[in-house]
1. Counting just the residues of segment A:2-12 that are open to solvent by less than 90 Å² (accessible area, probe 1.4 Å) and of a type outside the set (Val, Ile, Thr), which one comes out farthest from A:ARG58 (Cα to Cα)?
2. If you take the residues in segment A:140-169 that are without any contact (Cβ under 8 Å) to a residue 60 or more places away in the chain and within 23 Å of B:ASN56 (Cβ to Cβ), which one is nearest to the other protein chains (Cβ to nearest Cβ)?
3. I'd like the residue in segment B:50-74 that is away from DNA strand D (no atom under 16 Å from the Cβ) and within 7 Å of chain A (Cβ to nearest Cβ) and, out of all such residues, is nearest to B:VAL126 (Cα to Cα).
4. Restricting attention to segment B:28-49, which residues are within 11 Å of DNA strand D (Cβ to nearest atom) and either of a type outside the set (A, V, I, L, M, F, W, C) or surrounded by 18 or more Cβ atoms within 10 Å (Cβ to Cβ) (or both)?
5. Do you know which residues across segment B:1-11 are within 14 Å of DNA strand D (Cβ to nearest atom) and at pLDDT 95 or above?
6. Since A:VAL146 meets every condition but one in (1) assigned to a loop (DSSP other than H, G, I, E, B); (2) within 21 Å of the chain's Cα centre (by Cα); (3) modelled with pLDDT of 95 or more; (4) hydrophobic (A, V, I, L, M, F, W, C), which condition does it not meet?
7. Go through the residues of segment B:108-122 one by one and say whether even a single one is away from chain A (no Cβ under 14 Å) and closer than 20 Å to B:ASN320 by Cα.
8. Considering only segment A:289-299, how many residues are open to solvent by 20 Å² or more (accessible area, probe 1.4 Å) and away from every other protein chain (no Cβ under 12 Å)?
Number of protein chains: 2
Amino acid sequence: MKGTVTVKTLAKELNISIATVSKALNDSYEISLETKQKVWDLAKKLKYERNPSASNLRSHKTKTIAVIIPEIANNFFSLAINGIEEIARKRDYHVLIYQTHENSEIEIAFTDSLLSGRVDGILISVSSNTNNKEHFKELVKKIPVVFFDRVFEDIDAVKITTDDYESAYNATCHLIECGCKKIAYLFALNNLITGKNRFAGYQKALKEYNMVYTDEMIVNYDKDTGRNYENIKAMVSSQKPDAVISSIEDLALPCYYVARELNLNIPKDLKILSFSNLNTAPLLNPSLTTIEQPAFEIGKEAAGILFKILDKKYFEPNENHILKSSLIKRDSTSCG
Amino acid sequence: MKGTVTVKTLAKELNISIATVSKALNDSYEISLETKQKVWDLAKKLKYERNPSASNLRSHKTKTIAVIIPEIANNFFSLAINGIEEIARKRDYHVLIYQTHENSEIEIAFTDSLLSGRVDGILISVSSNTNNKEHFKELVKKIPVVFFDRVFEDIDAVKITTDDYESAYNATCHLIECGCKKIAYLFALNNLITGKNRFAGYQKALKEYNMVYTDEMIVNYDKDTGRNYENIKAMVSSQKPDAVISSIEDLALPCYYVARELNLNIPKDLKILSFSNLNTAPLLNPSLTTIEQPAFEIGKEAAGILFKILDKKYFEPNENHILKSSLIKRDSTSCG
DNA sequence: TTTATTTACGAATACGTTTAAGTAAAAACA
DNA sequence: TGTTTTTACTTAAACGTATTCGTAAATAAA
């Protein structure tokens, strides 16, 4: 690493101590404006870049946050990252991305590896098959963490979610008002409050209209894409529901294929409605009625709160911020 | 940071020097198996995690790579990241993500900030409106860089691309063979070899069939989404092409809306074909014929090469790796 | 004027790790 | 047997920055 320009280089060139240089670079009140200016000018001229490792080693500040999500190739999460990145960039923070692929062990490995001081804080959307929250309970004691969208209820950290209960309720009501008599449910995230709330909203609406569901009308999410397709197909063939409501996007698209396979017309024979942030939802055949979450805003909100915590300007660890989703009615549920 | 367990802690506990501990942790040949085992056991017991800053400061190895892309909320790039992440995780590397939002200045700011030793290497897909490659020429001298998909031709670095020329050629031939007489082109990435090759493939096919295009049939990509829609609409209304081929996904979807607006039937009045990795392409109305790039594989390949360079096992800086895209014919170009 | 305070800097140390160089004891060799 | 080599460790010095403490000079207060 010959030729690297460090504080030492600047100090020698200006005939001042490295302490002065360091302080000047950090805009310390201890240094005269005159000296600061000289240091800044030379730093610019020599293209000095602060060594992040050294800086962090000394100051315990990494200017880096980690984002742990199930899958990046998913509209919701990539939009959320977009929001996170926007906030991070404004603060000159760096963003590490980790994908768990819905695998709880990988999730644990990631969080463990982040305990060594690599990042200042963490944003997490929990993997769908994570059952044991003990691990997270330990984590939040050691480093600032904000959970978003996929969250546990009883963890001592800020959580950013959407109005899952209400939006599932409204969506189900919409189907019922369209005349649906038998509404199936594609269940995911069942161990998280997120999934529980969505299902509860569905149940509430049914109850209110004196409708029932049976276990056979519920399809549980499977890690295996092919199996999801098979399970949905089996359910639709045997139960013959007139509507399906999906708690996640990944389970909605297979419905289109199932309908084709079984020669069912959407929406005449089968209406489909899903939690989804697909930007092609309006272009599908037929266009898909969605519960659209404000993914970008969720990301911004989560990152914003995390930075407030890092700035020590936020002190309500247990708060749950709820943003509103919107039901966008399209052809897949048209009452026609 | 009280209670942090460091090499010092382990050394004291075992009554050996910190050098021995460090070497043991790094599985050095200088240390007896017996001692190593003791260190490993204690490290595990006390949940020792190596401090990355200190380690990096000394060894100049960050175990981190950066990925600079235009936009994360894009199927191609999120799949590519997926591939990159898979390779990185296998090597216990961390992945920093930076989005340029097609902004050249942000791109420069990112690369500059990565010069301070924050990462061991960089993967870049160039922003569409980056004209000046001088900056990248400097970059590749200072740190290992692999370019993917959106690349410059004359830069001293490995590049991973797809067979843009051939696939655009084949796609255009497909349209011509379907009887199209007037094929418009939605032009993007015109300053990159990627975009140039795609356009050249289109031109080649036209020439071969003794067809021509005029400048009025070419729509150039604009950063503003709304303007793209307007430009396409204006072109289609005035030129009345019977087919449109889009060099990027973002320009294909507006075509659907334009067709609706102008009451044009796809594919009867207007055929649409696009470079795209949309997973909903088969479900669109009508399903979209795409040139699908092996995004995941591109990511894996790019990361793989970067690690080979970091391992000093790769020495052909100027090589261009070309992966094959596939033309997937669907209803939007059906010959009826 | 003398004393107290402020300003602007420097010396020295610490952050936790890696590594070059040195060394005593053990093993191998002549 | 004495000599060389190998083994298994230790000492000490870095990596580049931030920060505590000390201090001389300048300024303000008495």
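The values are calculated or read from the model by the stated rules, or taken from the named source; none is laboratory data. This one's a predicted model, so the numbers in the text were calculated from it and none came from an experiment. Quick reminder, even Gly has a Cβ in these numbers, built from the backbone with ideal geometry, and neighbours come from all protein chains shown. These accessible areas exclude ligands, DNA and RNA; they are computed on the full protein's heavy atoms, side chains included. Shrake-Rupley method; radii C 1.70, N 1.55, O 1.52, S 1.80 Å.
1. Per the criteria, the residue is A:GLY3.
2. Result: A:LYS142.
3. This residue is B:ILE72.
4. Scanning segment B:28-49 gives B:SER28, B:TYR29, B:GLU30, B:ILE31, B:SER32, B:GLU34, B:THR35, B:LYS36, B:GLN37, B:LYS38, B:VAL39.
5. B:THR6, B:VAL7, B:LYS8, B:LEU10, B:ALA11
6. Unmet condition: (1).
7. yes
8. Of the residues in segment A:289-299, 3 are open to solvent by 20 Å² or more (accessible area, probe 1.4 Å) and away from every other protein chain (no Cβ under 12 Å).
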